[in-house]
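A short write-up of the structure that comes next.
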Amino acid sequence: MIKIGAKAPDIPLAATDGKTISIKDFKGKSLILYFYPKDNTPGCTREGQDFSDLYPQFQAANSEILGVSRDTVRVHDNFRKKHQFPFDLLSDSEEKLCNAFGVIREKKLYGRTYMGIVRSTFLICPEGKLVAAWDKVRVKDHAQDVLNTLLGNQQS
């Protein structure tokens, strides 16, 4: 994982609605970048819904949210529309941004070992530096924790 205080890697990726998005597009805003394993799974859906529910508060705090997984843009578009997420989802099928943030790691499921995305979130300040990171995220209350951290950093 990248270190707190480091400049966030800027790797353009294909996003929902036919866009190409990179971190530099959000200069002057805080950016919440959350990495999740797979669209349309219970935990990933709940995480997206939680960020969506708090989206007006994130917007009021001059911030934007982006979700990132290895799913295709087509799958992302369907997932986003189905759950009415107000933010974009980025497709990192080549794992460029995932590897830059160090979220592709060995995982185990039902005795099988494989490489996959470890649910992680990063808070990037308006100047493009990492100010907070969450690793091996548990979905429950996570979006609220990220919002509280964002608001706390703005008051510092």
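Nothing in this text is a laboratory measurement; each read-out follows from the coordinates by a stated rule. Worth saying up front: this structure is predicted, and the values here are computed from it rather than measured. Here Cβ is always computed from backbone atoms with ideal geometry, including for glycine, and neighbour counts include all displayed protein chains.
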*When the gyration tensor of the range 26-155 is built from Cα positions, what are the square roots of 5 times its three eigenvalues, in whole Å, from largest to smallest?*
23, 17, 14
*Return the distance in nm (one decimal) between the two label points of a simple spin-label model at Lys19 and Gln154, each offset 7 Å from Cα along Cα→Cβ.*
1.9
*Want the number for Asn62 to Gln49: 0.36 nm per residue separation, take away the alpha-carbon distance, what's left?*
2.7 nm
*What are the lysines whose alpha-carbon lies under 16 Å from the alpha-carbon of Lys140, with same-chain residues fewer than 8 places away excluded?*
none
_DSSP bridge pairs, the chain: antiparallel proportion in percent, nearest 5_ = 65
*For Arg74 and Thr41, calculate 0.36 nm times their separation in residues minus their Cα-Cα distance, and state this gained length in nm to one decimal.*
10.3 nm
*Assign unit charges at the C-beta atoms only (+1 for Lys and Arg, -1 for Asp and Glu), then state the dipole size of the chain relative to its Cα centre in Debye, rounded to the nearest 20.*
400
